[in-house]
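A.B. asks: Here's a structure for you.
Bear in mind that the values in this text are calculations on the coordinates, not laboratory data. Keep in mind it's a predicted model, so treat the numbers as computed, not measured. Cβ sites come from the backbone with ideal geometry, for glycine too, and all protein chains shown count toward neighbours.
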Number of protein chains: 2
Amino acid sequence: MKQSKLFGKTTKTISKDIKITSHKLLYQAGFIRESVAGRYYFLPLGMRVREKIVKIIEEEMNKAGAIKIITPVLHPLELWKETARNDSVGFELMTIKDRNGSDFALGGTAEEMMVDLVRGFNLSYKDLPFNIYQFSQKFRDELRARGGLLRVREFLMKDAYSFHADENDFKKEYKNMWNVYKNIFQRLCLETVVVEADNGYIGGDYCHEFVVESDVGESRFLITEDGQYAAHEDVAIFKKENKNINEKEKELAEVEAKRGNTMDDGVKLHNMPLWQQIKDVMFIDDKGRYILAVIRGDFDINETKLLNITKSNDLRLATNDEIRKIGSESGFISPVRINKNVIVVGDDSLRTTKNAYGGANKKHRDLLNVNIDRDYKLNLEGDIAMAQEEFCDNNNKVLIERKGIEVGNIFQLGYHYSKKMNAKFTDCDGQEKFYYMGCYGIGVDRTMAAIAEKHNDEKGIIWPESVAPFKAHLLSLNQNEKAEELYKNLEQAGIEVLYDDRDLRPGEKFADADLIGIPYRVVISAKTLKENSVELKRRDSEKVEMVKIDELINKLKV
Amino acid sequence: MKQSKLFGKTTKTISKDIKITSHKLLYQAGFIRESVAGRYYFLPLGMRVREKIVKIIEEEMNKAGAIKIITPVLHPLELWKETARNDSVGFELMTIKDRNGSDFALGGTAEEMMVDLVRGFNLSYKDLPFNIYQFSQKFRDELRARGGLLRVREFLMKDAYSFHADENDFKKEYKNMWNVYKNIFQRLCLETVVVEADNGYIGGDYCHEFVVESDVGESRFLITEDGQYAAHEDVAIFKKENKNINEKEKELAEVEAKRGNTMDDGVKLHNMPLWQQIKDVMFIDDKGRYILAVIRGDFDINETKLLNITKSNDLRLATNDEIRKIGSESGFISPVRINKNVIVVGDDSLRTTKNAYGGANKKHRDLLNVNIDRDYKLNLEGDIAMAQEEFCDNNNKVLIERKGIEVGNIFQLGYHYSKKMNAKFTDCDGQEKFYYMGCYGIGVDRTMAAIAEKHNDEKGIIWPESVAPFKAHLLSLNQNEKAEELYKNLEQAGIEVLYDDRDLRPGEKFADADLIGIPYRVVISAKTLKENSVELKRRDSEKVEMVKIDELINKLKV
């Protein structure tokens, strides 16, 4: 198409609030515009990239046997009540009432809709398995939108849902989708790490995120150097080495402790190692329950792990007043003799030390020689620790901390939805059985941002050919007649070409071409025409090549 | 694809509430399923048809120079307030608040969004004209959904918006889009009538609907036999012949009138023609104003025309009590000496008679020899009459009444939005000027219903090739080995084929094929294989042809 007819413009000026590279480049090159925070217009260039990503995902999904359908955007809230997700998703779920008083959720994910559709058919084992997917606009009422397309409130998502007779059959599809995703991201020129992750409000027992490593990503994960173990911080486990575990248990003692409120203050006062101290953090959950998280002093608490153990929907730190109200003291909390209404959740690291020290639930009083089971009991016990760089995994391999952009995920759902929604099929033995399910998502818009984030230089975006808005960018330097002819020939040959026919200085055209990032730049000028040629340059290379006009099409068709 | 793997099934059972052919067939053949009233799932077959329709629209729009973009689904309500459309659209607009307290409308149409986007660029006359369009899910909080995809609450719509320097330039695009729409509907095998229509809440001065004639449609329009004049009932004008216009005005007289409340009662009592009677209908509008619509006795009032004259958003009939409260009497209302707070709106037909008769604003009292201007004055005057079959247009051609399905529309918007939203470009004279605009919509899902409505027989749908979910339907009658080979060859040749590999009786396969309505049915059986052939039958013909397997691909490729 002719650039003079392209709606949307490149721009040099940019708000100071735009800090992330992909955001900046997609804005400056005229791919996207913000409506209000977290809600974006896709301009023609952006649409073209988005549609190429969609097409690649679609091709791979179809090849893998999945079938495309679509659900309404408004989901009857009744369905979300069947699975109690209207609560768990909390503030991120947007709801609306129609004029007849019916309540709807704006689709965030579509498990309930798909299950409702499927249970409406009387299916048998002969119809299984199947994997139905859609591309549709999804809504998340995020507290904070950020980073252009990285965290938005409205976005295009591919979501797929598979239905199986049993777990074994599901596992085949999980592996199948894993490979499909690897292929998809490879075609999109995105290197992804597959990390174990938390299921969050989706439900089910396990899931994996496909993450593009990037400092601007929000997914923090731990990985071993050989990549054998990779897990999101919310599920990453690590080896908690035994410390003074063979020490004899000494007598519990309460001592004066004129110190500040920090862990460090405790270390200094008692001149004992940090790991021997007990770390206590008091939370209040969405049901108003006091939750005391207790962990070895040198570890931190991971709130998602804690949430999963307490089965709360939300947690917040208790205030000093609230802590006092329950009979303790900020900075001096202890699980020992804590108020019975407090739910004490302990990390398994507490069992790697003896004769620990920490607060006494009174200001300026500490306890020494605190021992689990003898001096305090846990209501809940498990792994609530945050994995850190340089910790080791269970095979003694050092963990490395990485950040990345989550572009896709695959979930085991098991019977989570089918049981809650009573969705059954007739098995070969004539029995009605619940579907075993999985689901598989890709955020299309975030994927686009990830590609721009990974493929750029100081001049602009460098689109991989598979998703580039056009294959070639034809720049006419005051040779519009010849350029127009070439443009038509290229189009006729089926080459997608953006033809810069604008009345601008060469420098501006070159700068725009670099910013927009189309893979092949073709320059036609008086100079090149003397040799009946054009200048051909790949966006990802510095090499400029003279190519005879007659040979250009063959050259580009490769 | 293999039918055994196709999600969604044909069904014989159907709810009694499903009365409209397209609804029935799309449901039974497994193209759609209802989530809740007016909100539909598209199953794989339905998705394929929908996407073919989308592709045709897209190709024609692109060819015509329009460019695809997309806006968010949630529109900041602030924008709708700028144009005051948050009021005028009334109950059909759904609104929602996010967790930060911002208000949004669920997109119904996107004029405000497009203008907001465009005014954010500093465009000049050099950038004009352009036409930007999108396909996106639209929301209308309809009081009643009906007829499957014919009137829904959520649907896919193609909406385009053009921006121009002036009216002349706009008019070219209006004509352009008119032709584009004609091409689109022709490719979709839909014969459309282009009728003048009311702009409704879109705004602007004129618009045209593209209507597919059908008794199940909701658009009632009037057309001359030669098709030279075609207009929706809400804008159709007709010739109002003069009656006793040369009669001398007689003296106004009030008489006793012991009669019922109907027009007919008046005719009988006074033994005078219906046309000489005055018809009075009292309304209350959304602002609480009394609106008295007055018209010649043999005509009816068109409420949309009345709304446009009174600039109300909504009208309802006044109750008997309300009529009495304003000092009149139901069945005896008269514009003569009516309460000054009543806005009297007269149809221009009142000037075609003299010495009319009608009520006297008192029970059982009538007035005779009522004459406009002398005995009563109008606050507003214009055409508020409903055109009817057998009336004549202004060229004396008889009007015929028709019903149809509105599948598309094109609107002149003029400065309606650009002025309200202060959207300007810099003209060649350096002056800032408002954009002159138009907009152009096609309801994709309703179009799909219209195609099914027009192309079917008692056995099922007969999809036109351009939108058929598959080109060929391969039925294996116990010959799956040979069929599988043929299926693969057809796919390899690029022919979209649905292969019925299911373990069913031939009769069931034939019935399903007719119901689903794929253009070419290919049957492979022991009998056909004896001749190394298949049986080929077009869905729209009874002729069955034996075709050598080797020749099938060439035959289908035509």
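A.B. asks: Please report, in cubic angstrom per residue, the volume enclosed by the convex hull of the alpha-carbon atoms of chain B.
C.D. replies: 205
A.B. asks: Continuing with this model, one more query. Give the nm distances, rounded to one decimal, from B:Lys433 to the matching residue in every other copy, measuring between label points 7 Å along Cα toward the beta carbon; shortest first.
C.D. replies: Ordered by distance, the counterparts are at 7.3 nm.
A.B. asks: Taking the rotation axis that maps chain A onto chain B, which residue of A brings its Cβ closest to that axis, and at what distance in whole Å?
C.D. replies: A:Ile96, 2
A.B. asks: On to the next question. By count of other Cβ within 10 Å, fewest leading, how are B:His270, A:His23 ordered?
C.D. replies: Fewest-to-most Cβ neighbours within 10 Å comes out as B:His270, A:His23.
A.B. asks: Using only Cα atoms, what is the ratio of the radius of gyration of the stretch B:253-382 to 2.2 N^0.38 Å?
C.D. replies: Here the Cα radius of gyration is 0.96 times the empirical estimate.
A.B. asks: Going down the list B:Lys55/B:Lys509; B:Lys258/B:Lys363; B:Lys2/B:Lys557; A:Lys126/B:Lys5; A:Lys12/A:Lys403, which pairs span over 18 Å between their C-alpha atoms?
C.D. replies: Result: B:Lys55/B:Lys509; B:Lys2/B:Lys557; A:Lys12/A:Lys403 exceed 18 Å.
A.B. asks: Follow-up question, since we're still on this one. Using only the alpha carbons of the stretch A:470-557, determine the length spanned along each of the three principal axes and report them from longest to shortest in whole angstroms.
C.D. replies: 27, 24, 22
A.B. asks: Regarding the stretch A:250-330, what is the average projected area of its C-alpha convex hull, in nm²?
C.D. replies: 6.3
A.B. asks: On average, how much area does the Cα convex hull of the stretch A:411-483 cover when viewed from any direction, in nm²?
C.D. replies: 10.3
A.B. asks: What area, in nm² and to one decimal, does the C-alpha convex hull of the stretch A:355-483 cast on average over all directions?
C.D. replies: Average of the hull's projected areas for the stretch A:355-483 equals 22.2 nm².
A.B. asks: Taking the Cα atoms of the stretch A:167-271 alone, what are Rg (to one decimal) and Dmax (as a whole number) in Å?
C.D. replies: According to the Cα coordinates of the stretch A:167-271, Rg and Dmax are 22.1, 65 Å.
A.B. asks: Mind checking the dipole of chain A: about its Cα centre, +1 per Lys or Arg Cβ, -1 per Asp or Glu Cβ, Debye to the nearest 20?
C.D. replies: Magnitude of the dipole: close to 1000 debye.
A.B. asks: Could you pull out every residue, at least 5 positions away or on a different chain, whose amide H is within less than 5 Å of the one on A:Asn244? Hs are placed 1.01 Å off N in the peptide plane, and Pro or chain starts have none.
C.D. replies: Placed amide hydrogens put A:Lys354 under 5 Å from A:Asn244.
A.B. asks: How large is the dipole of the stretch B:253-382 about the Cα centre if only Lys and Arg carry +1 and Asp and Glu carry -1, each at its Cβ, rounded to the nearest 20 debye?
C.D. replies: Roughly 360 debye, rounded to the nearest 20.
A.B. asks: Let me ask another. Among A:Val558, B:Val115, rank each residue by its count of other Cβ atoms within 10 Å, from fewest to most, as a rough exposure measure.
C.D. replies: Exposure proxy ranking, most exposed first: A:Val558, B:Val115.
A.B. asks: Sticking with this structure for a sec: Whole-Å semi-axes of the stretch A:1-96's equivalent ellipsoid, largest first, each the root of 5 times a Cα gyration tensor eigenvalue?
C.D. replies: Gyration-tensor ellipsoid for the stretch A:1-96: 33, 22, 12 Å.
A.B. asks: Report, in debye and to the nearest 20, how large the dipole of the protein assembly as shown comes out about its Cα centre when Lys and Arg carry +1 and Asp and Glu carry -1 on their Cβ.
C.D. replies: 320
A.B. asks: For a test of the definition: using alpha carbon positions, the gyration tensor, and the 1.5 limit on a/c, classify the stretch A:148-196 as rounded, prolate or oblate.
C.D. replies: It is oblate, given that a/c is not under 1.5 and a/b is not larger than b/c.
A.B. asks: Now a separate question. Mind checking the alpha-carbon convex hull of the protein assembly as shown and giving the volume per residue in Å³?
C.D. replies: Dividing the Cα hull volume of the protein assembly as shown by its residue count gives 245 Å³.
A.B. asks: Per-residue ellipticity at 222 nm for chain B, helices alone: DSSP H runs ≥ 4 residues times -39500 (n - 2.57), over residue total, nearest 500 deg cm²/dmol?
C.D. replies: Result for chain B: -7500 deg cm²/dmol, rounded to the nearest 500.
A.B. asks: Okay, moving on. Between A:Val558 and the same site in the other copies, what are the distances in nm, shortest first, taking label points 7 Å from Cα along the C-beta direction?
C.D. replies: Sorted ascending, the copy-to-copy spacings read 4.3 nm.
A.B. asks: Divide, for the stretch A:106-251, the radius of gyration over alpha carbons by 2.2 N^0.38 Å, where N is the residue count.
C.D. replies: The stretch A:106-251 yields a ratio of 1.36.
A.B. asks: Give the residue list of trypsin sites (Lys or Arg not before Pro) in the stretch A:450-544 that are DSSP loop and have at most 13 other beta-carbon atoms within 10 angstrom.
C.D. replies: Those that pass, being in a loop and sparsely packed, are A:Lys543.
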